[in-house]
Every structure is written in structure tokens, then in C-alpha cells.
Amino acid sequence: MKKLGRFAGRLGKPVVRQLYVLYYLWESEHTPKRAKMIIVGALVYFLSPIDSIPDLLIPFGFSDDIAVIALVYSQMKNYLTEDIQEKARQAADKLFGS
């Protein structure tokens, strides 16, 4: 997830944490397949160099990515566990040096 590391500062820690939550939900054997497919779609959209709003258009470049991540994150809250939340928090803290 090189893109995440390069642009973490612009995205902000809450969005980065949500990305990690989605990643760990995707990894979890307890997440239903349908939910995993939705997560994959969001992560592929985030990682894709093709965007509806190019990422280099500061400050608007990530607005579409953030909207997709926030929407999918809100839909996946039912599958969140304390373990996944903690792993995502630790990963975001590590990336931001906190």
C-alpha cells in the first residue's frame, strides 16, 4: 500500500485508520464474502491510478477516495471487532509515528 504511505499526511489519520480497518476486515475469516467484495471494490478504487478526481489536484484530489472509503466503512461497522479496531489503530499510529 505504497499510495497510503505516500499520501497518509494528506488523507489524515482517521481516514488511514478506516483504510486499515477495511483491510483487516477483508483479511478476517468472519467477514461475509459479499462484504469482502464491497471492501475490495473500495480498496481497488483507492489504489487505482484512474480516479474521477485525480489525486494530484490538491486539495480536492482525494475527496472521491475519502468519500468511497467513508461510505464502505460505515456499511461495514456491523462486522467490526475490538481486535480489528485495535490492529487498525496500531497500524495507523505506526504509520504516523505516534
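The values are calculated or read from the model by the stated rules, or taken from the named source; none is laboratory data. Keep in mind that what you see is a predicted model, and the values were worked out from it rather than measured. Glycine gets a Cβ as well: all are built from the backbone with ideal geometry, and neighbour counts include every protein chain shown.
Structure data summary
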{"read-out": "Counted residues, region 68-97 - those being loosely packed, with under 13 Cβ neighbours inside 10 Å and either part of a helix (DSSP H, G or I) or touching a helix residue (DSSP H, G or I) at 6+ places or on another chain (Cβ under 8 Å) (or both)", "value": "8"}
{"read-out": "Subset of region 32-67 (residues that are at pLDDT 85 or above, more than 18 Å from LYS13 (Cβ to Cβ), in contact with a helix residue (DSSP H, G or I) (Cβ under 9 Å, 6 or more places away or on another chain) and of a type in the set (Val, Ile, Thr))", "value": "ILE38, ILE39, VAL40"}
{"read-out": "Criterion: closer than 25 Å to SER98 by Cβ, small (Gly, Ala, Ser), within 12 Å of the chain's Cα centre (by Cα) and at pLDDT 95 or above - qualifying residue of SER28, SER74", "value": "SER74"}
